[in-house]
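Reviewing the structure listed below.
What follows is calculated from the coordinates using simple rules that are stated; it is not laboratory data. In this text, all values refer to a predicted model and were calculated from it rather than measured experimentally. No Cβ is skipped: glycine too gets one built from the backbone with ideal geometry, and neighbour counts run over all protein chains shown.
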Amino acid sequence: MCGRASLTKQEKELEQRFNASFYTEDILRYNPLPNFNLAPTQTHPILIMENGKHFQLMKWGLIPSWAKDEKIGSKMINARVEGLLEKSFFKTALQSRRCLVPLDGFYEWKTIQAKTKIPFRIQTTNQEIFSVAGLYDLWKNNKGEVIYSFTIITLPANEMMKKIHDRMPAILDPDAELLWIDHSLSMNQSLELLSPYPSELMHMTELSPLVNKVSANGPELLVPAKRTSTSNTLFD
DNA sequence: CCAGACGTTGTT
DNA sequence: GTCTGG
DNA sequence: CCAGACGTTGTT
DNA sequence: GTCTGG
């Protein structure tokens with residue numbers, strides 16, 4: 001699964017990386033970056049291809065347009081790639097509402113025992129911004145305000161990720177990013193772009209439990225955990 | 001046809 | 001909205 | 001994902 | 001235990 005992430009860069013860096021721009025009013029009203037602890041329901045800049053490439057602020061957790069209540073969104077933070085074509089929940093989004101989720105890391109917790117979990121930060125080896133394949137939708141609340149929301153597609157874990165978890169987010173090869181949000185692709189063509197990112201191009205760092213708290217959000221979260229006597233048995 | 005669901009994860 | 005179940 | 005709350009009534 | 005909030 002993928003339930004927490006980071007994008008520790010500024011808006012300007014994001015604009016340069018994707019050659020796309022923010023809406024000025026979004027930046028004035030919100031201040032989404034940098035974010036050291038992106039959690040479900042929080043607002044994140046998402047890249048879409050509507051009237052040109054631009055970043056749209058969206059809440060993490062897909063709220064389908066027909067939902068009566070936005071609460072469903074906080075559960076719909078991931079979509080398994082294996083089920084995308086079979087589930088009405090996601091199928092229409094896969095057809096016409098694909099998006100890129102820019103991140104520079106994500107967090108996973110390795111379960112040691114029922115009540116013991118250790119957080120890890122996973123990055124690409126170049127430590128740069130990468131894109132995760134996502135889906136989005138628009139939902140109207142009872143005031144008539146439009147709420148954008150997104151979900152992150154997950155794949156079976158690659159060899160590196162298997163050490164801590166059996167799923168991983170669908171990180172896209174940079175060459176596949178623009179295709180993923182291209183409207184001319186069929187659903188099947190878009191699915192062909194999704195494959196586990198190579199273990200050799202990723203690396204992970206054990207963190208302290210500071211990151212557990214959603215309210216914690218600063219560079220101190222990224223400091224690697226001090227090795228302890230239990231650490232040596234983590235991957236048995 | 002209509003009615004009702006629509007999701008993932010982890011844990012047991 | 002769209003799919004599944006009956 | 002984890003952390004934290006989980007409720008109703010009447011009165012001001 | 002289960003749901004909500006972030």
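Assorted remarks:
- Amide N of region A:161-177 lying under 19 Å from the label point, which is placed 7 angstrom from the Cα of A:ASN212 along Cα→Cβ: A:164-165
- Three semi-axes of the equivalent ellipsoid, region A:129-236, Cα gyration tensor, whole Å, largest first: 32, 22, 12
- Listed residue (A:VAL81, A:THR125, A:CYS99) projecting farthest to the positive dipole end of region A:74-140, Cβ model: A:VAL81
- Qualifying trypsin sites (Lys or Arg not before Pro) in region A:85-170, DSSP loop, other Cβ atoms within 10 Å at most 10: A:LYS115, A:LYS143
- Considering only chain A, percent of DSSP beta bridges that pair antiparallel, nearest 5: 85
- Estimated from helices alone, the mean residue ellipticity of chain A at 222 nm is -3000 deg cm²/dmol (sum of -39500 (n - 2.57) over DSSP H runs with n ≥ 4, per residue).
- Note on region A:164-212 and region A:82-137: Cα centroid distance 7 Å, given to the nearest whole angstrom.
- Across A:LYS91/A:LYS163; A:LYS115/A:LYS213; A:LYS68/A:LYS140; A:LYS75/A:LYS213; A:LYS110/A:LYS213; A:LYS68/A:LYS143, pairs whose alpha-carbon gap is larger than 20 Å: A:LYS91/A:LYS163
- Efficiency of FRET between A:ASP175 and A:ILE27 - r from beta-carbon atoms, R0 35 angstrom, step 0.05: 0.75
- Across region A:1-61, the fraction of Cα-Cα pairs farther apart than 19 Å, rounded to a whole number, is 27%.
- In order along region A:89-96, the Karplus-derived 3J(HN,Hα) couplings, from 6.51 cos²θ - 1.76 cosθ + 1.60 at θ = phi - 60°, round to 3, 10, 4, 5, 5, 4, 5, 9 Hz, and Gly and Pro are given as x.
- Sites listed here are chymotrypsin sites (Phe, Trp or Tyr not before Pro) in region A:11-45 whose DSSP assignment is loop and whose Cβ has at most 15 other Cβ atoms within 10 Å: A:TYR23, A:TYR30.
- Residue-by-residue Karplus 3J(HN,Hα) for region A:26-31, coefficients 6.51, -1.76, 1.60, Hz, glycine and proline x: 5, 6, 5, 7, 10, 9
- Directionally averaged projected area (chain A, Cα convex hull): 13.5 nm².
- Charging the Cβ of each Asp and Glu at -1 and of each Lys and Arg at +1, and nothing else, the dipole of region A:1-127 about its Cα centre rounds to 480 debye.
- Phi angles across region A:70-85 convert, under the Karplus curve 6.51 cos²θ - 1.76 cosθ + 1.60 with θ = phi - 60°, into 3J(HN,Hα) values of 6, 4, 4, x, 5, 8, 8, 8, 10, 10, 6, 4, 5, x, 4, 7 Hz, Gly and Pro given as x.
- Charge dipole magnitude, Cβ of K and R +1, D and E -1 - chain A, Cα centre, debye nearest 20: 940
- Only Lys, Arg (+1) and Asp, Glu (-1) charged, at Cβ; region A:33-81 dipole about Cα centre in debye: 140
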